[in-house]
Amino acid sequence: MKVNDMRIRYHQPIPNFFKIENPINPLNSISDDVLNELNQLINEKDFFNASFSRLSEEFKNEWGIDWDNIIILKYKMSDDILTMEPSREKCVLEDKEFQEFGKKAFEIADYLRQKGFRADLIHPLDDAVSLRAIAMQSNDCIITRSNMCMFKEALNVGFFMIETSIENLPFKSENDMQWVEDFCSACGVCVDRCPENAFDEEGKFQRKLCTAHKEGCSKCVLLCPFYKRGYDKVKKRYERKQGVL
């Protein structure tokens, strides 16, 4: 690879930081007190909160996995890094942030193991299963037109996932973010101003042309109304136009 070649996959494998083994007979029910402790630990580790996915049998069969219950640890990717121009330095900084949160995710999984639950990190770089598809099973996010997995808290979200034996997590049964698909179809700023023209003639995203995961391009995020204004403000404006408010 040439020194000035920025087309690299900037996330490197995360070392195994587990210090505690999984219990032989794991518990499958978490008390309110321990769940509160878990949420407090998640915040202390600088994740802004967690979402929870219970994978359907259809989904598990589709992807050939046997996981059931997933804890999604969400962190806000640094605005300072995000606003940098695409470069090798930016890729290195993004990976450093990724590695730091990865280590913290191991610490949270260790906490669950210590409490008697099975907890295993789903490999974040494993292409055999889509983490974004798992995130959608939480009913707590939506895929934007620019192919970003957006939660209400932020568009620029990174996440790690823990597969666990806990069966009574606070799963959501409905997704109230479906309106975003309609908003995105009428917006199109990411389509019109993508520097790599990573959309086809019908405005559909083409991942092979996007350089976000190779050069650190963040243009579509920076231009997106959800990044610039936030979820709540965009939703209120959308509802006014729809005559909801």
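Just a few scattered comments:
- Estimated distance in nm for a label pair at Lys208 and Thr83, the labels positioned 7 Å out from Cα along Cα-to-Cβ: 3.6 nm
- Measuring nothing but how far apart in sequence close Cα pairs (under 8 Å, 6+ apart) lie, relative to its length, the range 7-151 scores a relative contact order of 33 percent.
- Relative contact order of the chain: 26 percent, from C-alpha pairs under 8 Å at least 6 residues apart in sequence.
- Cut-off 12 Å between beta-carbons: net charge of the residues surrounding Ile134, Lys and Arg +1, Asp and Glu -1: -2
- When exposed loop sites are taken as GluC sites (Glu not before Pro) in a DSSP loop with at most 11 other Cβ atoms within 10 Å, the longest stretch of the chain clear of them is 22-173.
- The stretch between Asn36 and Asn168, if pulled fully straight at 0.36 nm per residue, gains 46.2 nm over its current Cα-Cα span.
- Taking a ≥ b ≥ c as the square roots of the eigenvalues of the alpha-carbon gyration tensor, the chain is classed oblate because a/c is 1.5 or more while a/b is no larger than b/c.
- 3J(HN,Hα) along the range 184-194, derived from phi through the Karplus expression 6.51 cos²θ - 1.76 cosθ + 1.60 where θ = phi - 60°, amounts to 4, 5, 8, 7, x, 5, 5, 5, 5, 10, 5 Hz, with x in place of Gly and Pro.
- Centroid-to-centroid separation of the range 212-242 and the range 139-158 [C-alpha atoms, Å]: 9 Å
- Counted charge near Cys149, where neighbours are those whose Cβ lies closer than 14 Å (Asp, Glu -1; Lys, Arg +1): +3
- Highest mobility in the GNM of the chain, judged by mean-square fluctuation with C-alpha springs under 10 Å and restricted to Ala105, Ala186, Ala119, is found for Ala186.
- In the range 148-245, the alpha-carbon atoms span a convex hull of 142 Å³ per residue.
- Set of aspartates and glutamates with alpha-carbon distance to Lys233 below 17 Å, sequence-local pairs under 8 removed: Glu153, Asp176, Glu181, Asp182
- Estimated inter-spin distance, Ile20 and Glu58, nm [label 7 Å along Cα→Cβ]: 3.7 nm
- Taking the accessible area of the range 145-200, probe 1.4 Å, and keeping the other protein chains in place, the carbon and sulfur fraction comes to 43%.
- Distance between the C-alpha centres of the range 9-62 and the range 79-112: 18 Å, rounded to the whole angstrom.
- Cα-projected label distance for Glu196 with Asp126, points at 7 Å along beta-carbon direction, nm: 2.6 nm
- Above 19 Å, the calculated P(r) of the range 78-199 contains 62 percent of its Cα-Cα pairs.
- Cross-link pairs beyond the 18 Å C-alpha cut-off, checked among Lys219/Lys241; Lys76/Lys96; Lys45/Lys74: Lys219/Lys241
- Only DSSP H runs of four or more residues enter the estimate; each adds -39500 (n - 2.57), and after division by the residues of the chain the mean residue ellipticity at 222 nm equals -11000 deg cm²/dmol.
- Dimensions of the range 1-132 based on its C-alpha atoms, expressed as ranges along the principal axes with the largest first, amount to 52, 35, 24 Å.
The values are calculated or read from the model by the stated rules, or taken from the named source; none is laboratory data. Nothing here was measured: the structure is a model prediction, and the numbers come from that model. With ideal geometry, Cβ positions are generated from the backbone for all residues, glycine too; neighbour counts draw on all protein chains shown. Ligands, DNA and RNA are stripped out before the accessible areas are found, and what is left, the full protein with its side chains, is counted by its heavy atoms. Shrake-Rupley method; radii C 1.70, N 1.55, O 1.52, S 1.80 Å.
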